[in-house]
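A.B. asks: This is the structure, below, for whatever I ask next.
The values are calculated or read from the model by the stated rules, or taken from the named source; none is laboratory data. Remember, it's a predicted structure, so these values are computed and weren't measured experimentally. Cβ: placed from backbone, ideal geometry, glycine included. Neighbour counts: every protein chain shown.
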Amino acid sequence: MKKSSKYLLLSGNEAIALGAFEASVKVASAYPGTPSTEILEALSQYEGVYTEWAPNEKVAMEVALGASFAGVRAMVSMKHVGLNVASDPLFTAAYTGVRGGLVVVTADDPEMHSSQNAQDNRNYSIASKIPMLEPSDSHEAKEFTKIAFRLSERFDTPVLLRTTTRVSHVSGIVRKGKIEESRVEPGIVKIPEKFVMLPVNARKRRVELHRRLQKLRKYAERFPENRLFWANPEIGVITSGVSYLYVREALPEVSVLKLGMVYPLPERLIKDFASKVKRLYVVEELDPFLELQIKAMGVECIGKEVIPEYGELNPELVRAAIVGKKKRRVFSSVDIPRRPPVMCPGCPHRGLFYVLSKLKVFVSGDIGCYTLAASRPLSAMDTCVCMGASVGGAHGMEKALGEDSLGKIVAVIGDSTFVHSGITGLIDIVYNKGFSTVIILDNRTTAMTGHQPNPASGITVKGEKTEEIDLEALCKAIGVKHVYTVNPHDINTTKKIIEKELKRSAPSVIITKYPCVLLPEERRKKKPIYMVISEKCKGCRICLKIGCPAIHWTAGKGKRKGKARIDAILCNGCGECELLCKFNAIVIEENGGEKKKKN
């Protein structure tokens, strides 16, 4: 669509960014994580908004809260597990309240498309006593963002805005709106009784928090985005978010109460709706969040008895659960081959994990694209819990087993994840006299979420150069005396250093430093393409053990052995396969097919 048009085709994330811009947000901070990443990326394209990638979600939350205290509208966005990291300042922000409007976006991932769990962050609204809005499509994503800023300033509270993967990533028609300004005057204002949460002040603010909730409950009864759709009164459905769209598509004949504000709930509205339908269902993904609150009101309803408690819903599933028969598919399904994710051809992490698999050490792993090393054929990752847990996990195993663990455990963590929450774990190892070996995988970007820059890459979200953290110097400043930087494509050198450091009874850090092959500057580089000389290939399959997608196996016929083959289109020229081949069968292909033997 034309940019001059009043209507735009936007994803939910892009729509939230537009809503924030139209609400005159001045400061936005985030940490990348699917399905929330594109919110800040889109918002950074608008003029007059300060945007930043923070080292982690807690810092992002604190930056946004500080901006709110200064009287400007601020937003912080993160995926669902990121709110766990940000929960410390979030809970206290409910007590302090705000000056400028503060919106906290949490993007849940019910099907775990790219997450280690599927927690339902609606529970955070009850736990923190912060109101929550839940849009169902891109149009509402934009409008609810603007509403959230108004509610924040009106009720002196942060406001949670919850999306899910489908809302975040599916595109829809969005109408441009007018720019609205905050009525708060920016500036430094000293209000210690509001902002300094000493017990004497916090106790008073807790009473204020209760009063605020009472006001919000009354407001929820007339919240315009809680909508009724009357049809057949035999069946009524209470729902919210993307589940509303599934209900309308699957069951156009039923009456529906769509909740735009999912906390606090409009009790009178819900009871009135329930009294006018014969059977009441609650349709929601993940936890029985609405269902339990509605049953606590004394309202009889059917929920998780028929609706699954895990995974994403869809129209067919909803219809089958409520009326007992599936709706006819518009399009017949097509079986397609499974495409499990793999590390890219030329990935700088592959050589490292090949070495770790050969050494047969226990690999305390972390969150990043390198987590794919857990899959065959590398099978070189043994734990993955949350961001930064690899370092503390390795230290804990070491302390549990003592000297018996020397040489048997290694922690791996990406550069962005190390900055996020690995530094404190490394400090713990040094301070408490550990001897763990920590490997920092520095590929110069936050590759897993789409190549966002981070403090170790020296580039801001707007592409501007800034100070770059020197990871080697940082580790030495912490107190690690043995720090090495290696090129992970040099498998032999990498192996020697790891073997040496595993034997050391003192903390050590190995930084494997090489850019991600998908970075634009790496793609532009002219790289060698490798090929297999079929006559020299002995069919030993050692080149297959690194799991490179560019290397294929051609089965032999009869008594003939199979041979390896390299797809020239996929090859990124890292040369690891050449180093592994003992028969000089893998060489660089040059000048239209001439073969250059390795030295």
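A.B. asks: Take SER534 and tell me if it is under 22 Å from ALA568 (Cβ atoms), in contact with a strand residue (DSSP E or B) (Cβ under 8 Å, 6 or more places away or on another chain) and of a type in the set (S, T, N, Q). First the steps, then the outcome.
C.D. replies: Details: under 22 Å from ALA568 (Cβ atoms): yes; in contact with a strand residue (DSSP E or B) (Cβ under 8 Å, 6 or more places away or on another chain): yes; of a type in the set (S, T, N, Q): yes.
Considered against the rule, which asks whether it is under 22 Å from ALA568 (Cβ atoms), in contact with a strand residue (DSSP E or B) (Cβ under 8 Å, 6 or more places away or on another chain) and of a type in the set (S, T, N, Q), SER534 comes out as yes.
A.B. asks: CYS386 is checked against (1) at pLDDT 95 or above; (2) surrounded by fewer than 21 Cβ atoms within 10 Å (Cβ to Cβ) and fails just one. What number does that condition carry?
C.D. replies: (1)
A.B. asks: Are any of the residues in region 289-296 surrounded by fewer than 22 Cβ atoms within 10 Å (Cβ to Cβ) and either outside any helix (DSSP H, G or I) or touching a His at 6+ places or on another chain (Cβ under 6 Å) (or both)? So that I can check it myself, show each step before the final result.
C.D. replies: Here is the first cut: in region 289-296, the ones surrounded by fewer than 22 Cβ atoms within 10 Å (Cβ to Cβ) are 291-293, 295-296.
Retained after the next criterion (residues that are either outside any helix (DSSP H, G or I) or touching a His at 6+ places or on another chain (Cβ under 6 Å) (or both)): none.
Looking for residues that are surrounded by fewer than 22 Cβ atoms within 10 Å (Cβ to Cβ) and either outside any helix (DSSP H, G or I) or touching a His at 6+ places or on another chain (Cβ under 6 Å) (or both), one finds none in region 289-296, hence no.
A.B. asks: A further question follows. Can you tell me which residues in region 129-145 are in a helix (DSSP H, G or I) and surrounded by fewer than 24 Cβ atoms within 10 Å (Cβ to Cβ)? First the steps, then the outcome.
C.D. replies: Our first condition is that a residue be in a helix (DSSP H, G or I); within region 129-145, this holds for 138-145.
Passing the criteria: HIS139, GLU143.
A.B. asks: Pull up region 80-101, narrow it to residues that are among the hydrophobic types (A, V, I, L, M, F, W, C) and within 12 Å of SER128 (Cβ to Cβ), then point me to the one that is surrounded by the fewest Cβ atoms within 10 Å (Cβ to Cβ). Spell out the reasoning first.
C.D. replies: Start the filter on region 80-101 by keeping residues that are among the hydrophobic types (A, V, I, L, M, F, W, C), which leaves 81, 83, 85-86, 90-91, 93-94, 98.
Still in the running and within 12 Å of SER128 (Cβ to Cβ): 83, 86, 90-91, 93-94.
Numbers: LEU83: 24, ALA86: 26, LEU90: 25, PHE91: 14, ALA93: 24, ALA94: 20.
In this case the residue turns out to be PHE91.
A.B. asks: Moving on. Using beta carbons and a limit of 7 Å, which pairs, at least six apart or on different chains, have the first residue in region 45-56 and in the same structural domain as GLU14 (by TED's automatic domain parsing) and in contact (Cβ under 8 Å) with a residue 24 or more places away in the chain and the second one in a strand (DSSP E or B) and of a type in the set (Val, Ile, Thr)?
C.D. replies: Partner pairs satisfying both residue conditions: TYR50/VAL27.
A.B. asks: Starting from region 532-555, keep only residues that are of a type in the set (D, E, K, R), then list their pairs with residues that are crowded, with 20+ Cβ neighbours inside 10 Å and outside any loop (DSSP other than H, G, I, E, B) whose Cβ atoms are within a distance under 7 Å, requiring at least 6 positions of separation or different chains.
C.D. replies: LYS545/TYR354
A.B. asks: Could you please find all residues in region 239-261 being in contact with a Phe, Trp or Tyr (Cβ under 7 Å, 6 or more places away or on another chain) and of a type in the set (Val, Ile, Thr)?
C.D. replies: First, the residues of region 239-261 that are in contact with a Phe, Trp or Tyr (Cβ under 7 Å, 6 or more places away or on another chain): 255-258, 260-261.
Selection gives VAL256 alone.
A.B. asks: Can you tell me which of (1) touching a Phe, Trp or Tyr at 6+ places or on another chain (Cβ under 7 Å); (2) in contact (Cβ under 8 Å) with a residue 24 or more places away in the chain; (3) surrounded by fewer than 20 Cβ atoms within 10 Å (Cβ to Cβ) is the one PRO515 doesn't meet?
C.D. replies: So PRO515 meets the others, but not (1).
A.B. asks: If you don't mind, another one. Looking at SER240, SER255 in this structure, which one is of a type outside the set (A, V, I, L, M), surrounded by 17 or more Cβ atoms within 10 Å (Cβ to Cβ) and over 28 Å from ARG150 (Cβ atoms)?
C.D. replies: Numbers: SER240 fails: over 28 Å from ARG150 (Cβ atoms).
Just a single option satisfies the conditions, and that option is SER255.
A.B. asks: Can you find a residue that is of a type in the set (Val, Ile, Thr), modelled with pLDDT under 95 and not in a loop (DSSP other than H, G, I, E, B) anywhere in region 319-328?
C.D. replies: Residues of region 319-328 that are of a type in the set (Val, Ile, Thr), as a first pass: 322-323.
Narrowing the set further to residues that are modelled with pLDDT under 95 leaves 322-323.
Filter again for not in a loop (DSSP other than H, G, I, E, B), leaving 322-323.
Yes: region 319-328 contains one or more residues that are of a type in the set (Val, Ile, Thr), modelled with pLDDT under 95 and not in a loop (DSSP other than H, G, I, E, B).
A.B. asks: For region 1-117, which fully contained strands (runs of 3 or more DSSP E) count at least 1 residues that are in contact with a helix residue (DSSP H, G or I) (Cβ under 6 Å, 6 or more places away or on another chain), of a type in the set (Asp, Glu) and at pLDDT 95 or above? Walk me through how you get there before you give the answer.
C.D. replies: Working: elements: 7-11, 27-30, 50-53, 74-79, 102-108.
Of the strands (runs of 3 or more DSSP E) lying wholly inside region 1-117, those with at least 1 residues that are in contact with a helix residue (DSSP H, G or I) (Cβ under 6 Å, 6 or more places away or on another chain), of a type in the set (Asp, Glu) and at pLDDT 95 or above span 102-108.
A.B. asks: Does THR466 satisfy the condition of being surrounded by fewer than 19 Cβ atoms within 10 Å (Cβ to Cβ), closer than 30 Å to LEU40 by Cβ and without any contact (Cβ under 8 Å) to a residue 24 or more places away in the chain?
C.D. replies: Details: surrounded by fewer than 19 Cβ atoms within 10 Å (Cβ to Cβ): yes; closer than 30 Å to LEU40 by Cβ: yes; without any contact (Cβ under 8 Å) to a residue 24 or more places away in the chain: yes.
Answer is yes for this residue.
A.B. asks: For the condition buried (at least 23 other Cβ atoms within 10 Å of the Cβ) and either assigned by TED's automatic domain parsing to the domain that holds THR239 or touching a Pro at 6+ places or on another chain (Cβ under 7 Å) (or both), what is the one hit in LEU372, LEU352, LEU426? Give the derivation first.
C.D. replies: Numbers: LEU372 fails: buried (at least 23 other Cβ atoms within 10 Å of the Cβ); LEU426 fails: either assigned by TED's automatic domain parsing to the domain that holds THR239 or touching a Pro at 6+ places or on another chain (Cβ under 7 Å) (or both).
Testing whether each residue is buried (at least 23 other Cβ atoms within 10 Å of the Cβ) and either assigned by TED's automatic domain parsing to the domain that holds THR239 or touching a Pro at 6+ places or on another chain (Cβ under 7 Å) (or both) leaves just LEU352.
A.B. asks: Please pick out the residue among SER24, SER5, SER11, SER36 that is among the small types (Gly, Ala, Ser), more than 25 Å from GLU185 (Cα to Cα) and out of contact with any strand residue (DSSP E or B) (no Cβ under 8 Å at 6 or more places or on another chain). Walk me through how you get there before you give the answer.
C.D. replies: Values: SER24 fails: more than 25 Å from GLU185 (Cα to Cα); SER11 fails: out of contact with any strand residue (DSSP E or B) (no Cβ under 8 Å at 6 or more places or on another chain); SER36 fails: out of contact with any strand residue (DSSP E or B) (no Cβ under 8 Å at 6 or more places or on another chain).
Testing whether each residue is among the small types (Gly, Ala, Ser), more than 25 Å from GLU185 (Cα to Cα) and out of contact with any strand residue (DSSP E or B) (no Cβ under 8 Å at 6 or more places or on another chain) leaves just SER5.
A.B. asks: Still on this structure, please answer the following. Report yes if ALA400 is assigned to a helix (DSSP H, G or I), without any contact (Cβ under 8 Å) to a residue 12 or more places away in the chain and closer than 22 Å to ARG504 by Cβ, otherwise no. Before the answer, list the steps.
C.D. replies: On the way: assigned to a helix (DSSP H, G or I): yes; without any contact (Cβ under 8 Å) to a residue 12 or more places away in the chain: yes; closer than 22 Å to ARG504 by Cβ: yes.
Judged against the criteria, ALA400 is a match.
A.B. asks: Check region 270-283 and report whether any residue there is surrounded by 23 or more Cβ atoms within 10 Å (Cβ to Cβ), over 28 Å from SER128 (Cα atoms) and of a type in the set (Val, Ile, Thr). Walk me through it before giving the result.
C.D. replies: As a first pass, look at region 270-283 and keep what is surrounded by 23 or more Cβ atoms within 10 Å (Cβ to Cβ): 270, 281-283.
Of the ones still in play, those that are also over 28 Å from SER128 (Cα atoms) are none.
No: zero hits.
A.B. asks: Do the conditions hold for GLY425, that is, is it part of a helix (DSSP H, G or I), under 20 Å from THR494 (Cα atoms) and either over 21 Å from the mean Cα position of the chain (by Cα) or free of Cβ contacts under 8 Å to residues at least 40 places away in the same chain (or both)?
C.D. replies: Taking the combined requirement at face value, the residue does not satisfy it.
A.B. asks: Right, here's the next one. Name, by its number, the condition in (1) in contact with a strand residue (DSSP E or B) (Cβ under 6 Å, 6 or more places away or on another chain); (2) assigned to a helix (DSSP H, G or I) that does not hold for GLU193.
C.D. replies: (1) is the only condition that GLU193 fails.
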